[in-house]
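Written out below as structure tokens is the structure these notes cover.
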Amino acid sequence: MSENIVEIRNLVKWFPVGKGRFTALDGINLSIGRGEFTGLIGPSGSGKTTLLNIIGTLDAPSEGEVKVLGRSVGQLSTREAAMLRRHELGFIFQSYNLLAVHTVYENVEFPLLLLKMSKSERHQSVMQALEWVGLTDKIASKPP
Ligand SMILES: Nc1ncnc2c1ncn2[C@@H]1O[C@H](COP(=O)(O)OP(=O)(O)O)[C@@H](O)[C@H]1O
Ligand SMILES: [Mg+2]
């Protein structure tokens, strides 16, 4: 049986609005297996970002359980969540958060500076990632 890297059971997420609550996610159940390529599709305001923020440990469930790599997102401390993100998760944000003064190479290398990697290991990793997405010839460019 393949391992699930994401397991979501009865997830509810609400936000306080004025004196009441706005329920953005109302009873989500979802499993994602290792190696699966999953897309999340829905109209604007349907809760995609809210769900991704919780899977990405940037936000916590109001009710229910969200497990990422076996770790319960609602129960992680700020530091534990930061470590999980640093070592296990990757994000491409809608507004990319690229560093304008740095090159493409340096932007990709930046999060790796937090890891215990040698310069040559980082180089290998950066070049591999850029090759995957066809950006090898842009390493010295800066973001537009
Ligand atoms: N911090 C918040 N406070 C109140 N309402 C929010 C908050 N974040 C999201 N919402 C509401 O939750 C719903 C889902 O938002 P969102 O997850 O951003 O949807 P999507 O990414 O699918 O467009 C929207 O109606 C949005 O207005
Ligand atoms: Mg969104």
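Only residues that are touching a Phe, Trp or Tyr at 6+ places or on another chain (Cβ under 9 Å) and either of a type in the set (S, T, N, Q) or outside the structural domain of residue 74 (by TED's automatic domain parsing) (or both) were counted across the range 1-54, and they come to 2. When only residues in the range 38-81 that are closer than 16 Å to residue 4 by Cα and touching a residue at least 40 places away in the same chain (Cβ under 8 Å) count, which is nearest to ligand 1 (Cβ to nearest atom)? Selected residue: 55. For the range 1-37, the set of residues classified as within 11 Å of ligand 1 (Cβ to nearest atom) and more than 17 Å from residue 60 (Cβ to Cβ) consists of 17, 18, 20, listed by residue number. State whether one or more residues within the range 52-64 are in a helix (DSSP H, G or I) and touching a strand residue (DSSP E or B) at 6+ places or on another chain (Cβ under 7 Å). The answer is yes; a qualifying residue exists. Suppose the filter is surrounded by 14 or more Cβ atoms within 10 Å (Cβ to Cβ), at pLDDT 95 or above, in a helix (DSSP H, G or I) and assigned by TED's automatic domain parsing to the domain that holds residue 16; does residue 81 pass it? Criteria met by residue 81.
Here is a yes/no grid of residues against (1) surrounded by 12 or more Cβ atoms within 10 Å (Cβ to Cβ); (2) more than 16 Å from ligand 2 (Cβ to nearest atom); (3) more than 26 Å from residue 82 (Cβ to Cβ):
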residue	(1), (2), (3)
3	no, yes, no
7	yes, yes, no
33	yes, yes, no
41	no, no, yes
47	yes, no, no
51	yes, no, no
54	yes, no, no
63	yes, yes, no
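The values are calculated or read from the model by the stated rules, or taken from the named source; none is laboratory data. If you're wondering where the values come from, they're calculated on a predicted model, not measured in any experiment. Positions of Cβ are backbone-derived with ideal geometry, glycine not excepted, and every protein chain shown enters the neighbour counts.
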